[in-house]
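The block underneath contains the structure these notes are about, expressed in structure tokens.
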Ligand code: SF4
Ligand code: SF4
């Protein structure tokens, strides 16, 4: 018996580079497995930085201002990610082609083809 072929999911509003954004858009940020690992390391560094600042009597705002000045250096950390691909002319903070709004596209489930959640993009 031959199984029916699925239509491609491309064109669905949740489709992105062959992956499915449905679960992520349903509960944005809930699944830590979707996070960019490099950003997660930076966030941990920032939390530790704020904690050290508090210990030294700095307010969160003061610590944030100092961190901002150090961001360039922080973003020059070794990109400890085998899948990192540099995105030239990136206006955002995370110059990787797989990065979108805090998540790594490569961590999303693959779209197996058109499913019951298929929706056309809003116009
Ligand atoms: S067709 Fe289904 S699996 Fe594919 S992107 Fe759309 S919602 Fe996700
Ligand atoms: S591939 Fe890019 S977006 Fe994904 S975890 Fe690595 S640096 Fe982050």
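At a glance:
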| read-out | value |
| --- | --- |
| Spans of helices (runs of 4 or more DSSP H) in the stretch 10-123 with at least 3 residues within 14 Å of ligand 2 (Cβ to nearest atom) and modelled with pLDDT of 80 or more | 37-55 |
| Complete set of residues in the stretch 17-32 that are closer than 14 Å to residue 101 by Cα and surrounded by fewer than 16 Cβ atoms within 10 Å (Cβ to Cβ) | 25, 27, 28, 29, 30, 31, 32 |
| Residues being under 17 Å from the mean Cα position of the chain (by Cα) and within 16 Å of ligand 1 (Cβ to nearest atom) - total across the stretch 1-46 | 17 |
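The values are calculated or read from the model by the stated rules, or taken from the named source; none is laboratory data. Bear in mind that the values here come from a model prediction, so they are computed numbers and not experimental data. Virtual Cβ from ideal backbone geometry, glycine too; neighbours counted across all protein chains shown.
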